[in-house]
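Values quoted throughout were computed directly from the atomic coordinates according to the rules given, and no laboratory measurement underlies them. Since we're looking at a predicted model, the values are computed, not measured. Cβ placement follows ideal geometry from the backbone for every residue including glycine, while neighbour counts extend to all protein chains displayed.
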Amino acid sequence: MTAQAGGTANPLAARKRALRQQLRQARAAIPRSERRRAAQAAARHLALACRRWQARYIALYLGVPEEIDTRPLIAALRGARLYAPRLGPGRNLRFSRLAPPLVANRYGVHEPAALRRPARLDLIVLPLVAFDGGGARLGMGGGYYDRLLARRRPFGRPLRVGYAFAAQEVRVVPVSALDARLDAVVTERGLRWFRR
């Protein structure tokens, strides 16, 4: 979900914007065959972890073409109750049961047409542009997930797991106090936990 946050007078926003542009170009340049292999491998890693954790209520995103494809993950999580983001009023994100029909939102991202909220979530799979070894996450710039995760949620305190290509890791992601941190990240190389 693309929207740019912050003005040019804000040095943190400028650093985020520059890193976002650099990583989005690098992510888009990953060859198609490598992208397919990475998506399959990441899906296997996360599905195995979900079975170990007994995670049955899972929210995940429906990506845009440059992101790691979540369709293999959706297939690997058969049997789980899946939810996907749906844009609400006031730039708010809500999760709704992943079921047809799906419609394109204002960013061209597919989302469930009907709003059927989860009573509980065990895990949220988060999209990202970049992540670092401390669990910091750089999103697309709209702040949708940061706002969602900052609110009191009726679905508990699910694990926050980033889902990305390993090439999206950077030394340091510039963050503010409002940026949501990850509990773990899954890439084609496997699962990695972060200290909180």
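Tell me the net charge near Leu115. Cut-off is 13 Å between Cβ atoms, Leu115 excluded, with +1 for each Lys or Arg and -1 for each Asp or Glu.
Residues near Leu115 contribute +4 overall.
At 222 nm, what value in deg cm²/dmol follows for the chain if DSSP H runs of at least 4 each add -39500 (n - 2.57) and the sum is divided by all its residues, to the nearest 500?
-8500 deg cm²/dmol
Using a 10 angstrom cutoff on alpha carbons, build the Gaussian network for the chain and name the most mobile of Ala14, Ala164, Ala39.
Largest GNM mean-square fluctuation: Ala14.
For the chain, set up a Gaussian network in which alpha carbons nearer than 10 Å are linked by springs, and say which option among Glu34, Glu66, Glu111 fluctuates the most.
Glu34
What does the charge dipole of the chain about its Cα centre add up to, to the nearest 20 debye, if the Cβ of each Lys and Arg holds +1 and the Cβ of each Asp and Glu holds -1?
560
Stretch Arg78-Arg147 to full length: gain in nm at 0.36 nm per residue minus the Cα-Cα span?
Answer, rounded to one decimal: 22.0 nm.
Amide H neighbours of Gly162 under 5 Å, counting only residues 5+ apart in sequence or on other chains, H built in-plane at 1.01 Å?
Counting only residues 5 or more places away or on other chains, the set is Leu126, Asp183, Ala184, Val185, Val186.
So between Arg171 and Ala18, what do we pick up on full extension, going 0.36 nm a residue minus the alpha carbon distance?
53.6 nm
If each of Arg94 and Arg189 carries a label point 7 Å out from its Cα toward its Cβ, how far apart are those two points in nm?
3.9
Can you tally the net charge around Arg24? Count Lys and Arg as +1, Asp and Glu as -1, for every other residue whose Cβ sits under 11 Å from the Cβ of Arg24.
+1
May I ask you to evaluate 6.51 cos²θ - 1.76 cosθ + 1.60, the Karplus curve with θ = phi - 60°, for each residue of the range 52-57 and list the ³J(HN,Hα) values in order in whole Hz, giving x for glycine and proline?
These are the phi-based 3J(HN,Hα) values: 4, 7, 6, 7, 10, 10 Hz.
If a paramagnetic tag sat 7 Å from the Cα of Arg157 along the Cα-Cβ line, which residues of the range 85-126 would have the backbone N under 17 Å from that point?
Zone members listed by number: 120-124.
Specify the residue with the greatest mean-square fluctuation among Gly156, Gly141, Gly133, computed from a Gaussian network of the chain linking alpha-carbon atoms under 10 Å apart.
Gly156
Subtract the Cα-Cα distance of Ala114 and Arg51 from 0.36 nm times their separation in residues, and report this length gain in nm to one decimal.
Length gained, Ala114 through Arg51: 19.9 nm.
With Cβ to Cβ distances under 10 Å as the rule, what net charge do the other residues near Ala38 carry (K, R +1; D, E -1)?
Around Ala38, the charge tally is +1.
Output ³J(HN,Hα) for the range 162-177: one whole-Hz value per residue in order, computed from phi by the Karplus curve 6.51 cos²θ - 1.76 cosθ + 1.60 with θ = phi - 60°, and x for Gly and Pro.
For the range 162-177, the Karplus-derived couplings read x, 9, 7, 6, 4, 5, 8, 6, 10, 5, 9, 8, x, 9, 10, 5 Hz, x marking Gly and Pro.
For the chain, compute Rh as the Kirkwood radius over C-alpha pairs and then the Stokes-Einstein diffusion coefficient at 10 °C and 1.306 mPa s; write the answer in µm²/s, rounded to an integer.
For the chosen part, D equals 94 µm²/s.
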